[in-house]
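Worksheet: one structure, shown below.
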Amino acid sequence: MTDEQKKLITATVPILKENGVLLTTHFYKRMFTHNPELKNIFNMGNQQSGKQQTALAMAVLAYAENIANPMVLLPVVDRIGHKHTSLDIRPEHYIIVGNHLIESIKEVLGDPATPAIIDAWGVAYQQLAELMSGHEAKLYEQQTSKTYGWTGWRPFILGKKEAESAEITSFYLYPGDGGKVTPHLPGQYLSIRTFLKSLNLKQARQYSISSAPNEDYYRISVKREKGVNLDTNGLISNYLHDAVNEGDVLDLTAPAGNFVLTENTTAPIVLISGGVGLTPLMSMLQSLIAKDHENPITWIHGCRNKSVHAFKDHLDYITTTKSNVKQHTFYNVITPEDKENGILEGYLDINTIPELPKDPDTNYFICGPSAFITRQYQDLQAKGIDKKLIFFEEFGPQVLQMN
């Protein structure tokens, strides 16, 4: 890519800031019109909510702003690469996307989209596609090089279905071929694909693995969604609750995601979760216990009330049998019994917890709704916690920017 082309890309940054979502909305509409088969790959729920359009607009803008040195975006490339491999995205998909993106730039920008700018964006997209597909090729290779690893969609059998609360149910998934599974990294997720009759489409959804790493099965713990007009994500979650029974087959891709415990960490750990956001942190906690983690582990969780508090009995058992594990639980509304048992009232507020670890190397992991993550992240930074020690997982397309 020439210096002149980089300057042309940089010159489009103000336009992308003002019209980025307009561009990406047009792009998706155009692509699905010409290539409707891709609706089986893209999450139609995120399309309906607008989160995917916003996330793509932010990604395109970030790429344009860093066109002189796109390697600074490697952490983002890695996160997106994990998501793409979990959906079995391949290099040929980049060709289709690139064609529609360039045509959308022409159609949305109009006269400002000069031939020189279009040529520059063509080269820029090719550079990005090579960066992304190259990184994803390495991720695919890593998957197949693992013991019992695989790529693509693999059939799994639901071996057990177990209620964890009034809303959350766990699903134990075993390989349909009777084989083994590659142990996941604590914090990773699976993609599950199913056919939705209401859309006449196959749709995939990511669910965090809530079990400790093992070679026999994966466990996901799914919240039932309520409401009249559920998007695709809610439809799939409720489909698992209502229509999938023990013995049924589901297609899965291998574990993915980079929201994971630092390998061989010995630092104190604080796990902060809101609602169903506790699922990846359960895997982390169980893994730490299995490895006899000696430093303090602090579990902080918030939910509406006891009836929706998943894994409560198991967490109570852990904290009573492991002297280095402490838990602090917040319910929006508490009963006298809750208060006697040490439950705190209101929304989770780390400022009310005096027993947080004092070690400056403590690692903090946050998972929950976007607003929840934002508040916890900001409160931790206000306490002087280095942002490099704060990790978070936002379900769905990442739109939070906390740099």
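Identify the residue in region 1-39 that is among the hydroxyl-bearing types (Ser, Thr, Tyr) and more than 17 Å from residue 103 (Cβ to Cβ) and, among all such residues, is farthest from the chain's Cα centre (by Cα).
Taking region 1-39 first, the residues among the hydroxyl-bearing types (Ser, Thr, Tyr) are 2, 10, 12, 24-25, 28, 33.
Going one step further and asking which of them are more than 17 Å from residue 103 (Cβ to Cβ), we end up with 2, 10.
Values: 2: 35, 10: 30 Å.
Once the filter is applied, the top-ranked residue is 2.
Among the listed residues 97, 108, which satisfies the condition of being within 29 Å of residue 151 (Cβ to Cβ) and among the β-branched types (Val, Ile, Thr)?
Working: 108 fails: within 29 Å of residue 151 (Cβ to Cβ).
Going through 97, 108 in turn, just one is within 29 Å of residue 151 (Cβ to Cβ) and among the β-branched types (Val, Ile, Thr): 97.
In region 351-369, what residues are at negative phi, out of contact with any Leu (no Cβ under 7 Å at 6 or more places or on another chain) and buried (at least 17 other Cβ atoms within 10 Å of the Cβ)?
Of everything in region 351-369, those that are at negative phi, out of contact with any Leu (no Cβ under 7 Å at 6 or more places or on another chain) and buried (at least 17 other Cβ atoms within 10 Å of the Cβ) turn out to be 356, 357, 366.
Of everything in region 40-86, what is more than 15 Å from the chain's Cα centre (by Cα) and of a type in the set (Gly, Ala, Ser)? Give them in sequence order.
Across region 40-86, the qualifying residues are 49, 50, 57, 59, 62, 64, 68.
Restricting to region 232-262, what's the tally of residues that are over 21 Å from residue 394 (Cα atoms) and either without any contact (Cβ under 8 Å) to a residue 24 or more places away in the chain or part of a helix (DSSP H, G or I) (or both)?
5
Among the residues of region 321-328, is any free of Cβ contacts under 8 Å to residues at least 12 places away in the same chain and outside the structural domain of residue 164 (by TED's automatic domain parsing)? Steps first, please.
Here is the first cut: in region 321-328, the ones free of Cβ contacts under 8 Å to residues at least 12 places away in the same chain are 321, 323.
Now drop any that are not outside the structural domain of residue 164 (by TED's automatic domain parsing), which leaves 321, 323.
Yes.
Give me a count of the residues in region 175-216 that are assigned to a loop (DSSP other than H, G, I, E, B) and more than 17 Å from residue 244 (Cα to Cα). Walk me through it before giving the result.
Step one: of region 175-216, the residues assigned to a loop (DSSP other than H, G, I, E, B) are 176-188, 197-200, 210-216.
Add one more test, that the residue is more than 17 Å from residue 244 (Cα to Cα), and what stays is 177-188, 199-200, 210-216.
Number of matching residues: 21.
Just checking, does region 201-208 include any residue being touching a residue at least 60 places away in the same chain (Cβ under 8 Å), out of contact with any helix residue (DSSP H, G or I) (no Cβ under 8 Å at 6 or more places or on another chain) and within 20 Å of residue 186 (Cβ to Cβ)?
no
Checking the condition at pLDDT 95 or above and either in contact with a Gly (Cβ under 6 Å, 6 or more places away or on another chain) or in a helix (DSSP H, G or I) (or both), which residue from 279, 329, 298 passes?
On the way: 329 fails: either in contact with a Gly (Cβ under 6 Å, 6 or more places away or on another chain) or in a helix (DSSP H, G or I) (or both); 298 fails: either in contact with a Gly (Cβ under 6 Å, 6 or more places away or on another chain) or in a helix (DSSP H, G or I) (or both).
Among 279, 329, 298, only 279 is at pLDDT 95 or above and either in contact with a Gly (Cβ under 6 Å, 6 or more places away or on another chain) or in a helix (DSSP H, G or I) (or both).
Looking at this structure, is residue 157 among the hydrophobic types (A, V, I, L, M, F, W, C), more than 17 Å from residue 40 (Cα to Cα) and part of a strand (DSSP E or B)? Walk me through how you get there before you give the answer.
On the way: among the hydrophobic types (A, V, I, L, M, F, W, C): yes; more than 17 Å from residue 40 (Cα to Cα): yes; part of a strand (DSSP E or B): yes.
Taking the combined requirement at face value, the residue satisfies it.
If you scan region 311-326, which residues turn out to be β-branched (Val, Ile, Thr), part of a helix (DSSP H, G or I) and under 14 Å from residue 271 (Cβ atoms)? Break it down stepwise before answering.
The first filter runs over region 311-326 and keeps only residues β-branched (Val, Ile, Thr), leaving 318-321, 325.
From the residues that got through so far, the ones that are part of a helix (DSSP H, G or I) too are 318-321.
Residues satisfying the conditions are 318, 319.
Anything in region 303-325 that is surrounded by fewer than 18 Cβ atoms within 10 Å (Cβ to Cβ), farther than 14 Å from residue 275 by Cα and under 26 Å from the mean Cα position of the chain (by Cα)? List them, or say none.
314, the sole residue that qualifies.
Would you be able to say whether some residue in region 69-83 is touching a residue at least 24 places away in the same chain (Cβ under 8 Å), farther than 18 Å from residue 129 by Cβ and among the aliphatic types (A, V, I, L, M)?
no
The values are calculated or read from the model by the stated rules, or taken from the named source; none is laboratory data. Because the structure is predicted, anything quoted here is derived from the model rather than measured. Positions of Cβ are generated from backbone atoms using ideal geometry, with glycine treated the same way; all protein chains shown enter the neighbour counts.
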